[in-house]
Each structure stands twice: as C-alpha cells, then as structure tokens.
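A short worksheet on the structure shown next.
The values are calculated or read from the model by the stated rules, or taken from the named source; none is laboratory data. In this text, all values refer to a predicted model and were calculated from it rather than measured experimentally. Every residue, glycine as well, gets a Cβ built from its backbone with ideal geometry; the counts of neighbours run over all protein chains shown.
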Ligand code: 6J7
Ligand code: CA
C-alpha cells in the first residue's frame, strides 16, 4: 500500500515532468499536488463534451485521448488531435469561454487524469504564458 505522502511525492515528480509546469517552483507544484484529484475513464468515455459547461482542467497521467470537434455541415465530429501522458486539456473553458470548445474522448485501454478545479486553476496555473500564447 502507498501512503498519502508517497502518492504526494509521486504526483510532484510527475508534475515536474509536465512541460507546461516545468518552470514552476517546487512550492507551487506542491500546492497543485495538494489540490489535484485523480479521475479514471474507460475507453470511449467523453471526458469533455463540446458545448457543455466546464470547470475542470486536466493533465494526462496515463493513456491517450482523442480530441474531436463538430464541423458545420457534417454529422460526425472530426478528430483534430491526440494527446498522451504529460499533456493537458480543458484550459479554454476556464480561460475565456465557459463552454467546452471540443470533445475529449478516452482511448483504449483507459485514461487516468489529474484534475484541477477552476479556483485552483485560476490561482496556480491560469497565468502561465504558454496558455495565453496558445493559438488554437
Ligand atoms: Br488539445 C485541443 N486542441 C484543440 C483545438 O485545436 N481546438 C480547440 N477548440 N480545443 C482544443 N483542444 C482542447 C482544449 O484544451 O480541447 C478542450 C475542450 O475543452 C479545449 O479546452 P475546452 O474548450 O475547455
Ligand atoms: Ca462565456
């Protein structure tokens, strides 16, 4: 069995490996590790649904996700990207829009995400330049 402290140390080590967070000081990483939650998804689960209201930011700890988006004139959403360990999603609804701008779907064999709520995102992550400079 892992203790809470071991889990915490593992989470900090992982957060340090996330490119988005690599310039954050350890005390900020520790704060993020304090507030994050771990969520598991099965293959095919919609982690995020385009058009829904959203208050959560996600960092992939295990597995891969598919990002899809509705295209005018087409029935089926189109794949625009795939993401895996160390990559993040869900920032757009938190930064400006309050509605999700794409679908994010878990791929096989399943996905584990670290999640941060809107309030902690605002105080710990939302100011990072990489997010503001994103051009999609
Ligand atoms: Br990853 C990713 N790529 C895109 C993209 O090309 N366009 C849009 N609109 N969103 C993209 N995403 C992520 C981004 O983090 O998909 C998420 C859907 O929820 C989006 O944030 P969100 O709008 O909160
Ligand atoms: Ca809005």
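Each residue in the range 63-82 was checked for being surrounded by 15 or more Cβ atoms within 10 Å (Cβ to Cβ) and away from ligand 1 (no atom under 11 Å from the Cβ), and 3 pass.
Could you look through the range 98-117, keep only residues that are touching a residue at least 60 places away in the same chain (Cβ under 8 Å) and surrounded by fewer than 16 Cβ atoms within 10 Å (Cβ to Cβ), and pick out the one that is farthest from ligand 2 (Cβ to nearest atom)? So the residue we want is 109. State whether one or more residues within the range 83-97 are within 16 Å of ligand 2 (Cβ to nearest atom), at pLDDT below 95 and loosely packed, with under 12 Cβ neighbours inside 10 Å. Checking the range 83-97: at least one residue is within 16 Å of ligand 2 (Cβ to nearest atom), at pLDDT below 95 and loosely packed, with under 12 Cβ neighbours inside 10 Å.
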